[in-house]
Amino acid sequence: MVFSSLLFLFYFLAPVLCIYALVPNRYKNLTLFIVSLFFYAWGEPTYVLLMIFSAAFNYFSGFVIAKNKSRAALIANCIVNLGLLVVFKYSDFFISTVNGIIRTNFPLLKLALPIGISFYTFQALSYCIDVYRGKTEVQRDFVSFGLYLSFFPQLIAGPIVRYDDIALQLHNHPQKIKMFSEGVQRFCAGLAKKVLIANNVGQLWELTAATSERSMLCAWLGIIAYTFQIYYDFSGYSDMAIGLGKMFGFEFCENFNYPYISKSITEFWRRWHISLSSWFKEYVYIPLGGSRIYASDYTTTTRIGRFVLTPSVKARLRIYLNIFVVWMLTGLWHGASFNFVAWGIYYGILLVVEKQFLLQKLEKLPNPVRVLYTMVIVMIGWVFFASADFGSAFAYIASMLNIFRPGFTDSVFFFRFFSYWLVLIAAALGATPKAKKYFMNITSGKLYWLRPVLAFVALIVCMAYLVDDTYNPFLYFRF
C-alpha cells in the first residue's frame, strides 16, 4: 500500500485519522501500533510476524543491555538484527557469488524481501546501541517501543528515526490544529512531488533506458530524468512521512535539504538522505575511528625554515579506510548487487579525493562550476544505481560520452525533450530553495490562506492523475 494511491488515501488514512481522533489519549499509541501492523500486513501478511519478533526481541534486549551494560549482550543483539537482514536481503547474493567464484551449484533460497527491513533494522540497532552508551533510557512500555519501530509513516522507506529523537514524543503527542494543518500541507506537497513530477520524469527515464541505441543528448536527457525521478520520489515520500507524522502529533527529522545545489560531493551527502548518512556516521564511521588523529600520529616536516606537524601516512590511510568501509556498506545497504557496492565505492573514492586535496581547489571556482561538477558526478553515479548490471551501466555511460553510439543527437531526443520540457523545468526549479522561498513570501501575511487552498488543489489534481495512472512506483520500497 503506497502513500500515492487512492486505496491509502480513502480506505486507510481517512478511517485511521477518524479512529485516532475518537479514542482516549491512553489508547492512542496502541491504536497507532495496531494500524501500523495492519498497514505492514497489507503488503507483507507473513512478514508482519518478523516485525513483531523484531519489536519484542529488541524491547527485551534493551532491558538486558541497560541492566548489565554488557558488551556481549549488545554484540548478540547486533548479530541477531544484522543476521535477519543478511538472511532475507543478502543470502541469494552471497550464494550466487560463491557459486560464480568456485563453480558450485548451491540452490538459492529465493526469500521474498520484507519491505522496509533495512530501515526498521537500523532503527532497532540505534536504540540498543544508545541504551548501551547511556544516551537514552530504556523504553519500558512495549506498545510505545513497538510503535517506534513500526509506525507506518516512516516504516517502509524512512526517514530512519533514531529513538532518542522521538522518545519524549512517544508519551506526549497530542493532535494540535496548527500542527495537523501543517502536516496536511506537507503531505500534499510530497504527494505532488511524487505523482506530478517523479512519475512523469520516471516515464522518460524508462523510455530511454529501454532503448538500446541512443544518441549522446538522448542519454543525458534520460539520466537527467532519472536524477529528478529519484529525488522527487524519495524526497516526496519523506515529505509525506513527515506530514503524516505531524497529523498524529510527531515531529520527524528532515531527510533532504536541496542536495542538487551542492558544491561538492561532501556537501551532497550532507544534504541527501540525511538520516542514513547520520546513522552511518554515528554508528559506523565514528566507532571505527572517524577522522580522529592522535598526537602520536603526527610527523614533523620542514617547510621553508620552519617545523610543521602533519598527520602521518598511516593516520591518513586509516581515515581513508574508514571512509571506504562506510561507503561500501552504504552501497550494500541499498541493494544486494555488485553495482550497488560499486556505487558506494565510487563515492568513497570521490570523498577521499575531495578530502585529500580537491575541496580547497573547488573553493576557488565559481559556484555554478562547482554545482555543475557535483551534478555530473552524481548523474554518473545514478547510472550505476539504476542499472541492473555493470554491462548495462557501462553501455549507458558510453552513450553519454558518444562512444560507439549513433551520434550527438537525433530526432528521438527532440521528440522526448519537447514532450517533457515543462515537467523538467518544474523539476529543476523545485530542486532549489528559491522556489520554496518565493512561494512562502507570496503566501505570507494576509495571503496565508493560499497555502491550504493550494494544498487542496494539489490533492485534487494528484487524485485525478491517480485514477488513470498505472505507472506509480516507489523506488526506495526495494530497500
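The values are calculated or read from the model by the stated rules, or taken from the named source; none is laboratory data. The structure presented is a predicted model; accordingly, all values stated were derived computationally and were not measured. With ideal geometry, Cβ positions are generated from the backbone for all residues, glycine too; neighbour counts draw on all protein chains shown.
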For TYR373, are the conditions met, namely being of a type in the set (Ser, Thr, Tyr) and closer than 30 Å to SER291 by Cβ? yes
Hey, GLU251 in a loop (DSSP other than H, G, I, E, B) and surrounded by fewer than 21 Cβ atoms within 10 Å (Cβ to Cβ) or not:
yes
Of the listed residues (PHE63, PHE12), the one being out of contact with any Pro (no Cβ under 7 Å at 6 or more places or on another chain) and without any contact (Cβ under 8 Å) to a residue 40 or more places away in the chain is PHE12
Scanning segment 133-176 residue by residue, those surrounded by fewer than 23 Cβ atoms within 10 Å (Cβ to Cβ), within 19 Å of LYS281 (Cβ to Cβ) and among the hydroxyl-bearing types (Ser, Thr, Tyr) turn out to be THR136
Checking ILE65, ILE75 in turn, the sole residue that is at pLDDT 90 or above and in contact with a Leu (Cβ under 7 Å, 6 or more places away or on another chain) turns out to be ILE65
Given the conditions (1) outside any helix (DSSP H, G or I); (2) in contact (Cβ under 8 Å) with a residue 12 or more places away in the chain; (3) surrounded by fewer than 14 Cβ atoms within 10 Å (Cβ to Cβ), every one holds for ALA21 apart from (1)
If I filter segment 229-244 for residues that are surrounded by fewer than 22 Cβ atoms within 10 Å (Cβ to Cβ), touching a residue at least 40 places away in the same chain (Cβ under 8 Å) and in the same structural domain as VAL423 (by TED's automatic domain parsing), do I get at least one hit?
yes
Is it true that some residue in segment 78-85 is in the same structural domain as LEU108 (by TED's automatic domain parsing) and over 25 Å from the mean Cα position of the chain (by Cα)? no
**Message:** Taking the conditions exactly as written (surrounded by fewer than 16 Cβ atoms within 10 Å (Cβ to Cβ), of a type in the set (Phe, Trp, Tyr) and touching a Leu at 6+ places or on another chain (Cβ under 7 Å)), does PHE390 satisfy them or not?
**Reply:** no
(message) Being in contact with an Asp or Glu (Cβ under 9 Å, 6 or more places away or on another chain) and modelled with pLDDT under 90 is the requirement here; does ALA336 meet it?
(response) yes
Is it true that LYS89 is in a helix (DSSP H, G or I), modelled with pLDDT under 90 and more than 30 Å from LYS246 (Cβ to Cβ)? no
Exactly one of ALA157, ALA167, ALA209 is within 30 Å of THR409 (Cβ to Cβ), modelled with pLDDT under 95 and either in contact with a strand residue (DSSP E or B) (Cβ under 9 Å, 6 or more places away or on another chain) or aliphatic (A, V, I, L, M) (or both), and that one is ALA209
Scanning segment 152-171 for residues that are more than 17 Å from the chain's Cα centre (by Cα) and either outside any helix (DSSP H, G or I) or not aliphatic (A, V, I, L, M) (or both) gives TYR163, ASP164, ASP165, ALA167, LEU168, GLN169, LEU170, HIS171
In the set TYR120, TYR127, TYR132, the lone residue that is outside the structural domain of LEU329 (by TED's automatic domain parsing), assigned to a helix (DSSP H, G or I), under 22 Å from HIS334 (Cβ atoms) and hydroxyl-bearing (Ser, Thr, Tyr) is TYR120
- prompt: What do you reckon, is LYS436 among the charged types (D, E, K, R) and more than 29 Å from TRP220 (Cβ to Cβ)?
  reply: no
